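Just so it is clear, none of the values below were taken in a lab; they were calculated from the coordinates. In this text the structure is predicted, and so the values were computed from the model without any measurement. Backbone-built Cβ (ideal geometry, glycine too); neighbour counts: all protein chains shown.
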Amino acid sequence: MCIGDAQCQAAVSTAATNEGDPRMVSSARGARGGASLPAEPARHPGSPEAGSSVHFLDPSTAYRTKRSGELRPTSFVAGSLLVRGGHQATWDALRAAVADAGFTIDRRDDLGRRHLDEARDSGQLDAQHHHDLAEVWVQRVTLVPDLAREDEVFPPLDTWRLLQSYRTRVGDDAARRMDVGLEHPVTRGAHPHPATNPHPATNPHPATNPHPATNPHSDGLALYSQPGWGGRQPVNWLGPDPQPLLDAASPRRPQVVILDSAVGKHRWLDDGHVDRNPEVLGTPIGIPEAPDDADDTGTGDRFTGELEPDAGHGTFIAGLVRQACPDARILSVRLFHGDGEVTESNMLEALQLLALRHLLALEGRGADGTPYRPLHVVTLSLGYYHEEPGDASFDALLRGPLDLLSRYGVCVVTSAGNDATSRPSYPAAFAPGDGSLDAGDGRVPLVAVGALNPDGTVALFSNDGPWVRFWRSGAALVSTLPTTFDGSREAQNVLVGERGETRAGLDPDDFTAGFAVWSGTSFAAPFLAGQLARLLQDELPEDPRDVAAGRAVQRAQQALQDLPVVGDRHARD
């Protein structure tokens, strides 16, 4: 899938030059004569339900200023704003704008900033590293009506209008304009539940549907959600387990960070391969465990017992990383539960604390005297659509910690999105849009990964655009799911045979065998992340303290250069 004629030509040229894969070249050429991807998703991710705290920004009714540029529809969290850095001018202008609207700042969540300052004050973090982090550190403020005012009736809070008021106060000061922004709900690969919505297990006759590919009530995108066509379903694994090459204690094992749902129980994912409780200076990174053992059971509703749409998502990703890099040491940062919902502030807090941990590792520091090991690859299978992609202020808050990680040698890999749209989703669209692997400023470029079908064609659901540099298998993949998952749905037919054996159809949500099929750019990205980790493994120093940022950036840039743009395999001898 390509967006326009020029981009399709570039895609053909890139595919032929870098991979020589006729399937991908054919796919790109075939798209040239057809329709481009729509500029907007078919429906906007995060669209609120009645009573939701998430509001929808409609460009046709939204307030604007004289400096407003192009405005696109998006969703945002009502009653909160994100604020970068600690500049006094920023806070003064924000407080004045809030007061004029009849509100006040009720709570200020520093999103872990206190740990950054404690690390500096205790001498664990040098002044330069503290400065680098402090400049991009984002905090969250919540707003409530100012009860000290004489007004008896308060107008509803319009967070977007308040943000415009703030921006008019700072005027032409571009740096201060970029310090405050909306808080967006972040969803799975931009679209919340592409591969499991609608619930595929509710198909009344999945095994007897005579014409599943021509079902008149299921369009091409929806087919990916059905069992047998890429939707989440149990399968058996008959191949060998991933075979590590290095000793478990080897300092050359690459560290891959997964920011996703919890990694569940599975023989591939024991404590020797997965750190399920990463921390920095004694503070956990990520959100707490789900209540009522929902992370173990996969269901958040004990009355129905059905698996949640994204239950097992992080486990599936961890299995893909291990398939591509059996020696990888995975840091599992729990960012959401099985519902797939996370706010931008949760994601920012996790990224900021990870950046703090990485910089402490560069200085040989740790919480209990044992130095942290540096991070090598971070994979993010999530995203959102920004309201002002043409405004210089759109990227500052989320881009800050991502750029900081890349400046210190960490590869950041993101999913392109699953909405079959050409609209940029973030963080994927932070990737260089010219197809290059040069981020400039001595940084490792962030990379976005689109999804391929098993035959090498572009998956119908995959977003596309000039920022999507790499393509990997993302449809009907096989990977791990927690062996503790066995939802309330049962096989349609169960009987006792002549020898007393149980005979049954497939149980659509029994994953106790530990493996599943699933689809999404959410899975193309971590597969490439594992390939990157495998390439880096051969170049990592024996002494983990040998982590000079410049050398780490060079290693990461070279690994990206060595990866084919298109392909499912990149074996190393």
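Some observations on this one:
- Contour excess over end-to-end distance, with Cα ends at Thr370 and Asp146 and 0.36 nm allotted per residue: 75.8 nm
- Separation of the stretch 139-179 and the stretch 469-496, taken as the distance between their Cα centroids, equals 46 angstrom.
- Euclidean distance of C-alpha centroids, the stretch 299-371 and the stretch 406-421, integer Å: 15
- DSSP bridge orientation in the stretch 270-419 - percent antiparallel, rounded to nearest 5: 25
- Chymotrypsin sites (Phe, Trp or Tyr not before Pro) within the stretch 474-555: DSSP coil, no more than 15 neighbouring Cβ in 10 Å: none
- Packing, taken as the mean count of other beta carbons within 10 Å per residue, orders the peptides 83-96, 412-425 from highest to lowest as 412-425, 83-96.
- Scaling the Cα radius of gyration of the stretch 220-562 by the globular reference 2.2 N^0.38 Å produces a ratio of 0.99.
- Calculated log₁₀ intensity ratio I(q)/I(0) where the Debye formula runs over C-alpha points of the stretch 405-514, q = 0.10, 0.11, 0.16 Å⁻¹: -0.50, -0.56, -0.83
- The value of relative contact order for the stretch 220-562, using C-alpha pairs under 8 Å at least six residues apart, is 25 percent.
- Annotation for the stretch 219-234 versus the stretch 507-535: alpha-carbon center distance of 15 Å.
- The stretch 220-562 - share of DSSP beta bridges that are antiparallel (%, nearest 5): 35
- Restricting the stretch 116-178 to chymotrypsin sites (Phe, Trp or Tyr not before Pro) that sit in a DSSP loop and have at most 11 other Cβ atoms within 10 Å of their own Cβ leaves nothing.
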